[in-house]
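Below you'll find the structure, written out as structure tokens, and then a few comments.
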Amino acid sequence: MANRILRRLLFGLLVAQLLAAAETLPRLNIWSGREQVLHFQARESWVLLAEHGRQLSGQPRAGKISLTLPPLVIGSTETARLLVDGQEVARVTIWSAQILAGLAAVLTGANGAVATALQQNGLLPDQREQTKNSISIVSSTEQATPPGLSLLFADRRDFPMQIAPIWTDFSFHRAKNPGCLSVLYNEKEQLIDCQGDLSHIVLSEKKPGQDGKIHRRLVVFTPDFAFQDIENIILLKTIIKEHGL
């Protein structure tokens with residue numbers, strides 16, 4: 001009986017150690033339906049396994065890890081484990097090619113290249129009348145006048161960008177990708193400049209007479225924002241969905 005209890009305790013300890021080790025592994029996001037190169041180097045082999053054990057991809061040879069997974073159903077995700085040379089090195093979330101599917105925004109004020117990139121990632125044009133829950137893509141701070149959320153994918157030539165007096169609150173954010181935005185203060189003005197380590201800046205306006213409620217919000221993204229980077233698209237999805245809550 002004592003031996004049986006000891007074996008169970010040892011087995012429980014082993015499972016706990018394995019779970020703890022898994023929690024410390026890097027978390028990767030990858031697209032399905034697109035070729036990608038991961039930042040791992042195999043000496044002998046690598047394999048990508050679904051959580052239930054099915055092999056999704058792999059190569060029995062040394063070299064960089066390059067893969068193209070079959071496209072997932074739009075809006076779906078799948079989790080997997082990446083093993084390199086027999087050792088689990090990362091937990092992976094696989095996304096469909098159109099991460100922004102199911103979300104919509106007003107695109108009439110957007111730069112053409114920005115509108116195209118957003119729609120390629122699944123964002124739908126919104127033709128409805130703008131409300132406090134609306135989302136609009138703008139190409140300048142002056143366009144961020146309707147109620148709701150405005151997203152500005154700025155170009156380097158847009159900086160330094162003056163912060164209009166209507167924006168009463170700012171919040172500063174650093175995402176997984178390094179940024180290049182900062183806010184400069186002096187006695188006369190406040191400016192967003194193309195330097196620093198912020199990935200995006202959120203400007204908010206509190207509407208007078210309504211208990212300090214937010215009337216509109218503008219998010220300015222770094223000029224280094226790349227639509228082909230999956231982390232950026234996941235960040236966009238998070239910002240848009242949080243606005244709708």
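Here, each number is a calculation from the coordinates, and none is a lab measurement. Fair warning: this is a prediction, and the values are worked out from it, not measured in the lab. When we count neighbours, we look across all protein chains shown, and the Cβ atoms used for this are built from the backbone with ideal geometry, even at glycine.
Semi-axes of the equivalent ellipsoid of segment 147-245: what are they in whole Å, largest first, if each equals the square root of 5 times a C-alpha gyration tensor eigenvalue?
With the √(5λ) rule applied to segment 147-245, the semi-axes are 22, 19, 10 Å.
Cross-link partners among lysines for LYS206, C-alpha distance below 30 Å, same-chain residues fewer than 8 apart left out?
Hits, sequence-local ones excluded: LYS132, LYS176, LYS188, LYS237, LYS241.
Along the charge dipole of the chain, pointing to its positive end and built from +1/-1 on Cβ of Lys, Arg, Asp and Glu, which listed residue (THR77, GLN195, VAL183) has its Cα farthest out?
THR77
Return one number: the angle in degrees, 0 to 90 and rounded to the nearest 10, between the long axis of the Cα atoms of helix 230-243 and the longest principal axis of the Cα atoms of the chain.
Between the helix axis and the principal axis of the chain, the angle is about 60 degrees.
Can you tell me what the convex hull of the Cα atoms of the chain projects to on average, as an area in nm²?
19.8 nm²
If each residue of separation counts as 0.36 nm, what is the full-extension length gain between SER171 and THR108 once their alpha-carbon separation is subtracted?
Full extension of this stretch gives 20.0 nm more.
Output the antiparallel fraction of DSSP beta bridges having both residues in the chain, as a percent to the nearest 5.
DSSP beta bridges in the chain are roughly 70 percent antiparallel.
Using helices alone, I'd like the mean residue ellipticity at 222 nm for the chain: each DSSP H run of four-plus residues gives -39500 (n - 2.57), total over residue count, nearest 500.
For the chain, the value works out to -6000 deg cm²/dmol.
What ranking of THR168, THR238 emerges when the number of other C-beta atoms within 10 Å of each C-beta is taken as an exposure proxy, fewest first?
So the residues, fewest neighbours to most, are THR238, THR168.
Could you tell me how many degrees, from 0 to 90 and to the nearest 10, lie between the Cα long axis of helix 2-23 and the main elongation axis, the longest principal axis, of the Cα atoms of the chain?
Taking the Cα atoms of the chain, the angle to 2-23 is about 30 degrees.
Please identify the GluC sites (Glu not before Pro) of segment 16-99 that satisfy two criteria: DSSP loop assignment and at most 15 other Cβ atoms within 10 Å. Which are they?
Filter output for segment 16-99: GLU44, GLU51.
Between SER57 and THR77, 0.36 nm times their residue separation minus their Cα-Cα distance comes to what?
5.6 nm
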